[in-house]
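The values are calculated or read from the model by the stated rules, or taken from the named source; none is laboratory data. As the structure is a prediction and not an experimental result, all values here were calculated from the model. Here the Cβ positions follow ideal geometry from the backbone for every residue, glycine too, while neighbour counts run over all protein chains shown.
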Amino acid sequence: MQQSISLNSLLFLAFTLTGIATMSAQNGPQFGITAFPNYSGGRIAAGSTVNEAAIDSIELRETSRPSLSWGIVAQWRAEKIGFRTGFQLTDTGYRSVKEGIPADVEAPDGALTRRVDYRNLNLELPAEILFLHELNARHRVNFMMGFSAAYNLRNYEDNLFFSGEKLGRAQNQISNDAFQRLQLGFQTGIGWQYDMGPRMIFFAQPTFYFWYTGLLAETEEVNRSLYAIGLKTGILFKTKTNQ
């Protein structure tokens with residue numbers, strides 16, 4: 001696993017350096033803010049000691065959940081190619097389906113079922129290459145492909161209790177020791193950029209992420225690789241060199 005992470009880190013670095021080299025031939029940077037509302041989930045990865053029936057049982061009990069990333073973004077854009085990076089705070093993860101409440105779980109009076117939200121809070125550094133096509137002076141479409149690195153900050157298992165309607169939430173922060181601290185992932189998407197005026201650009205981009213390093217530490221027999229699909233949006237402000 002360590003060799004795999006080291007190789008993936010080198011690939012991410014090489015991709016980022018390629019983007020930085022590309023920037024040198026482009027216009028000055030555009031800076032702004034971005035948000036990525038999405039649905040995230042976990043793809044099961046199990047060791048050889050876990051049988052197919054156990055994997056199927058786990059998959060039936062887990063599903064995707066609404067998630068959100070937000071942060072700051074910088075973009076360099078030429079006529080046909082661009083590069084985008086920044087820093088994002090990523091609240092991702094997956095959830096269980098509603099089930100009966102185990103006897104060892106303390107629940108509010110009247111609660112009949114429980115759902116567990118598994119939340120992972122990460123600091124993310126994306127590196128995206130944009131292939132641009134100009135529709136007219138103000139509209140462009142782009143195909144994006146890139147990598148992303150994320151550092152795990154905190155992890156939660158939140159219990160939500162129901163009795164027809166939600167009765168309450170019990171937030172439970174858990175130790176980081178069971179989780180990989182560095183996550184590496186691939187992303188792709190197709191987007192649209194609109195020049196709102198001489199100083200502002202709006203972009204919207206349906207985007208798919210797949211984090212190919214496992215969520216949990218190497219010692220875990222049942223692991224998960226997180227994925228996310230959603231709409232990445234943002235507003236960029238042009239510098240004087242973009243005018």
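All told, A35 falls short of being assigned to a strand (DSSP E or B) and either aromatic (F, W, Y) or at pLDDT below 90 (or both). Condition test on L123, is it part of a strand (DSSP E or B), touching a residue at least 24 places away in the same chain (Cβ under 8 Å) and closer than 21 Å to R224 by Cα? It is true that L123 is part of a strand (DSSP E or B), touching a residue at least 24 places away in the same chain (Cβ under 8 Å) and closer than 21 Å to R224 by Cα.
Would the range 132-151 turn up any residue that is touching a His at 6+ places or on another chain (Cβ under 6 Å), within 30 Å of Y194 (Cβ to Cβ) and either among the basic types (K, R) or part of a strand (DSSP E or B) (or both)?
Checking the range 132-151: at least one residue is touching a His at 6+ places or on another chain (Cβ under 6 Å), within 30 Å of Y194 (Cβ to Cβ) and either among the basic types (K, R) or part of a strand (DSSP E or B) (or both).
Do we find that F208 is closer than 30 Å to S48 by Cα and modelled with pLDDT of 95 or more in this structure? Yes.
For the range 169-211, a residue qualifies if it is within 20 Å of Q75 (Cβ to Cβ), in contact with an Asp or Glu (Cβ under 9 Å, 6 or more places away or on another chain) and of a type in the set (A, V, I, L, M), and exactly one does: I201.
Within the range 54-74, work out how many residues are β-branched (V, I, T) and either at pLDDT below 90 or touching a His at 6+ places or on another chain (Cβ under 7 Å) (or both).
As a first pass, look at the range 54-74 and keep what is β-branched (V, I, T): 55, 58, 63, 72-73.
Narrowing the set further to residues that are either at pLDDT below 90 or touching a His at 6+ places or on another chain (Cβ under 7 Å) (or both) leaves 55, 58.
Selection size over the range 54-74: 2.
Just one of the listed residues (G214, G189, G185, G197) is in a loop (DSSP other than H, G, I, E, B) and surrounded by 16 or more Cβ atoms within 10 Å (Cβ to Cβ), namely G214. Screening G168 on (1) assigned to a strand (DSSP E or B); (2) surrounded by 14 or more Cβ atoms within 10 Å (Cβ to Cβ) shows it passes everything except condition (2).
Does Y118 qualify as being hydroxyl-bearing (S, T, Y), farther than 17 Å from W211 by Cα and part of a strand (DSSP E or B)? First the steps, then the outcome.
On the way: hydroxyl-bearing (S, T, Y): yes; farther than 17 Å from W211 by Cα: no; part of a strand (DSSP E or B): yes.
It is false that Y118 is hydroxyl-bearing (S, T, Y), farther than 17 Å from W211 by Cα and part of a strand (DSSP E or B).
Let's see how each residue does on (1) among the charged types (D, E, K, R); (2) under 30 Å from F237 (Cα atoms); (3) at pLDDT below 90; (4) surrounded by 14 or more Cβ atoms within 10 Å (Cβ to Cβ):
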{"position": "L17", "(1), (2), (3), (4)": "no, yes, yes, no"}
{"position": "G41", "(1), (2), (3), (4)": "no, no, no, yes"}
{"position": "I44", "(1), (2), (3), (4)": "no, no, yes, yes"}
{"position": "E52", "(1), (2), (3), (4)": "yes, no, yes, no"}
{"position": "W76", "(1), (2), (3), (4)": "no, yes, yes, yes"}
{"position": "D91", "(1), (2), (3), (4)": "yes, yes, no, yes"}
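Across the range 225-237, the qualifying residues are those that are crowded, with 22+ Cβ neighbours inside 10 Å and within 18 Å of the chain's Cα centre (by Cα), and the one among them that is farthest from F36 (Cα to Cα) is L226.
For the range 64-86, the condition of being touching a helix residue (DSSP H, G or I) at 6+ places or on another chain (Cβ under 6 Å) and over 27 Å from L132 (Cβ atoms) holds for none of the residues. Restricting to the range 149-183, and then to whatever is over 18 Å from V222 (Cβ atoms) and of a type in the set (D, E), can you tell me which residue is farthest from the chain's Cα centre (by Cα)? Filtering first and then ranking leaves E165. Residues in the range 62-112 that are touching a residue at least 24 places away in the same chain (Cβ under 8 Å) and assigned to a strand (DSSP E or B): 32 in all.
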